[in-house]
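Trainee: Please read through the structure below; I'll follow up with questions.
What follows draws every value from the coordinates through simple rules; no lab data is involved. Nothing here was measured: the structure is a model prediction, and the numbers come from that model. Positions of Cβ are backbone-derived with ideal geometry, glycine not excepted, and every protein chain shown enters the neighbour counts.
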Amino acid sequence: MTANTESATKPTIDQLPLEHSYAALPPAFYTRLQPTPLSKPYMVCGSASAAALIGLDPAEFNRQEFIDVFSGNSVLPQSQPLAAVYSGHQFGVWAGQLGDGRAILLGEAAAPGSPPPGRLELQLKGAGMTPYSRMGDGRAVLRSSIREFLCSEAMAALGVPTSRSLCVTGSDQRVMRETPETAAVATRMAPSFVRFGSFEHWFYQGRHDDLKILADYVIDRCYPELRDHAQPYHALLGEVTRRTAEMIAGWQAVGFMHGVMNTDNMSILGLTLDYGPFGFMEAFNPKHICNHTDQQGRYAYTMQPQIGHWNCYALGQALLPLIGDVEETKAALSVYEPAFKARMDALLHAKLGLGTVEESDSALFDRMFSIMADSHVDFTLFFRHLGDLHRDNASGDEAVRDLFIDRAAFDDWAVQYRARLLRENSNDVQRRLAMHRVNPKYVLRNYLAQVAIEKAQIKDFSEVARLLAVLERPFDEQPENEQYAALPPDWASELEVSCSS
Ligand code: AMP
Ligand code: MG
């Protein structure tokens, strides 16, 4: 088939082929069920690049059939909807059984000849109650659905491993949170939504046969290179640990804070998963807590790397019966620190436009973060403007220097940084280009999301689409969208995000 006829034969939603490897697992792993319809659903926004991953034409977003499927109002004959069970540690405490309380898996889709990750699970979030809803209503509100949609697409564009988001549909149907809101359904995609907590679920029940079935499933589907490994479960833990460490280094480098790093929100693929009260660092404060519900600061920015390690330990504990040996389990977990350090170090060197490594670099980085914190410097703008600095004189300093309350502290640091650039004979033009390829100009600031949400709440969805388009090209200058790179307005300091969604 030629490329032309292939594009001409893109499936409509009702023709989309779906597979069901998860549904082939034993019945104890999930409950089959139907989504609960939403009254008069409408399209809020869709991601064309996410649609392309499963070979769907974005023109489908406007068809009623598509809206009906992705609001849970109609069920494709080829889908086998189910909600998965899992457990987890929440805020460091064993929480027992959780599960897809409002998420429903439709099946797995793939674009013909699609590059890795290949098949992607399609999951509706907010499509009604399941046996795992506990006290919840099975719904998601428009606000949190738009935040998850925008952030997953933004993170993908930033190059951070993440689940994707196909679309958000909405309805005027009321949902009670702190105040009445309206319901929405976000459709997510990932090669698998299996979490650390999926393994903990079987471990804490002593069901080691089921634990093995799950591990074999994950290896077979997501880590096929480990199938013939002499110690596949040990290798699996090592690989998940490495991916998790590298993902969190990616978060730190763009100032992303997840907000709820419970083990039930940790992807077995090392993907950023379950966007709730997340945030991007603005005025730099390493102790910043983005989740209003997290009063102890367990998931503060500076804590994320060690919490990631803690979570891998929880996974290691759960995999211990399969690995069979405590020392081997510890050996697999020991990958975390060096993997995090190596990735973080590489990312920081890239962020500062350094092509070589010197022993004194960590002192340069530490001092930089220390003066950034003292002056509450905007994280994103600092690194972006730093690219404009010149090696031999201060003529390019203005934009970055102006971010500092303590200008003298910046000037002192800039002397060291310039000396460092000189030692590696750094070229201003090339360094600026390279730095702008890794230091985004545009991130999903809370206030930008809030503006888009408030418009969407009065049925103007144009700002969601516009913001998505900006965030899909975070490293491009986009002079026409300059205002999206601006510091947050005063009212933004009142914004609070919590676990309520
Ligand atoms: P989260 O903190 O969002 O990861 O949610 C923790 C658990 O609560 C997960 O098992 C969710 O599926 C479930 N959950 C959260 N919100 C709701 C809701 N509105 N209805 C049902 N279950 C929910
Ligand atoms: Mg969750």
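Trainee: Relative contact order (percent) for the chain, with alpha-carbon contacts under 8 angstrom and 6 or more residues of separation?
Mentor: It comes to 14 percent, rounded to a whole number.
Trainee: Show which lysines lie in cross-link reach of Lys441 when reach means a straight Cα distance below 28 angstrom and same-chain residues fewer than eight apart are skipped.
Mentor: Excluding near neighbours in sequence, the set is Lys287, Lys341, Lys351, Lys455.
Trainee: Same structure, new question: Between region 23-93 and region 222-261, how far is it from one alpha carbon centroid to the other, in angstrom?
Mentor: 25 Å
Trainee: Net charge near Arg445, counting Lys/Arg +1 and Asp/Glu -1 over other residues with Cβ under 10 Å of its Cβ?
Mentor: Details: positive: none; negative: Glu282, Asp378.
Cβ neighbours under 10 Å give a net charge of -2.
Trainee: What does region 308-426 give for Rg and for Dmax, in Å, if only its C-alpha atoms count?
Mentor: Reported Rg and Dmax, both Å: 19.5, 62.
Trainee: With angles folded into 0 to 90 degrees, how steeply does helix 232-254 sit against the dominant principal axis of the chain? Use alpha carbons for both and round to 10.
Mentor: The answer is roughly 50 degrees.
Trainee: Using Cα-Cα distances under 8 Å and only pairs 6 or more residues apart, what relative contact order does region 73-227 have, in percent?
Mentor: Reported relative contact order: 21 percent.
Trainee: Here is a follow-up. Can you list the HN-Hα couplings for region 362-373, worked out from phi with the Karplus curve (6.51, -1.76, 1.60; θ = phi - 60°), rounded to whole Hz and with x for Gly and Pro?
Mentor: Per-residue couplings from phi come out as 5, 5, 4, 5, 4, 5, 4, 5, 5, 6, 4, 5 Hz.
Trainee: Would you work out the charge dipole size for region 1-107 about its Cα centre, treating the Cβ of every Lys and Arg as +1 and the Cβ of every Asp and Glu as -1, and quote it to the nearest 20 debye?
Mentor: Around 280 debye, computed over region 1-107.
Trainee: Just to confirm a number: summing +1 for Lys and Arg and -1 for Asp and Glu over residues other than Pro479 whose beta-carbon lies under 13 angstrom from that of Pro479, what do you get?
Mentor: Summing Lys and Arg as +1 and Asp and Glu as -1 gives -2.
Trainee: A further question follows. Step by step: find N for region 3-193, compute 2.2 N^0.38 Å, then divide the Cα radius of gyration by it. What's the final number?
Mentor: 1.00
Trainee: I would also like to ask the following. With r defined as the distance between the Cβ atoms of Lys455 and Asp209 and R0 fixed at 51 Å, what FRET efficiency is calculated, to the nearest 0.05? Show your work: numbers first, answer last.
Mentor: On the way: r = 52 Å, r/R0 = 1.01.
Result of the calculation: an efficiency of 0.50.
Trainee: Between Tyr313 and Glu480, what is the FRET efficiency for a Förster distance of 51 Å, r being their Cβ-Cβ separation, to the nearest 0.05?
Mentor: Calculated transfer efficiency: 0.60.
Trainee: Ok, one more. Say each of Asp402 and Gln78 gets a label point 7 Å from the Cα, pointing the same way as Cα to Cβ; how far apart are those two points in nm?
Mentor: 5.5 nm
Trainee: For the ranges 490-496, 136-142, 450-456, what's the packing order if you count other beta-carbon atoms within 10 Å of each residue, average per peptide, and put the highest first?
Mentor: Taking the mean over residues of other Cβ atoms within 10 Å, the ranking is 136-142, 450-456, 490-496.
Trainee: What does the charge add up to near Glu153, with Lys and Arg as +1, Asp and Glu as -1, over the other residues with Cβ less than 9 Å from its Cβ?
Mentor: Local net charge: 0.
Trainee: Relative to the longest principal axis of the C-alpha atoms of the chain, give the angle of the C-alpha long axis of helix 428-438, reported between 0 and 90° and rounded to the nearest 10°.
Mentor: Rounded to the nearest ten degrees, it is 20.
Trainee: Exactly which trypsin sites (Lys or Arg not before Pro) in region 189-265 are in a DSSP loop and have at most 16 other Cβ atoms within 10 Å?
Mentor: Qualifying residues, ordered by number: Arg207, Arg227.
Trainee: Continuing with the same structure: Setting aside same-chain residues fewer than 8 positions from Lys40, which lysines have a Cα under 16 Å from its Cα?
Mentor: Straight-line reach from Lys40, under 16 Å: Lys459.
Trainee: Further, regarding this structure: In region 145-181, which GluC sites (Glu not before Pro) are in a loop and have at most 12 other Cβ atoms within 10 Å, using DSSP for the loop call?
Mentor: Taking region 145-181 and a limit of 12 other Cβ atoms within 10 Å, the loop GluC sites (Glu not before Pro) found are Glu178.
Trainee: Compute the relative contact order of region 197-346 as a whole-number percentage, counting only Cα pairs closer than 8 Å that sit 6 or more residues apart in sequence.
Mentor: Relative contact order comes out at 32 percent.
Trainee: If each Cα of the chain is one equal point scatterer, what is log10 of I(q)/I(0) from the Debye formula at q = 0.07, 0.08, 0.10, 0.13 Å⁻¹?
Mentor: Those come out to -0.39, -0.51, -0.80, -1.30, one per q.
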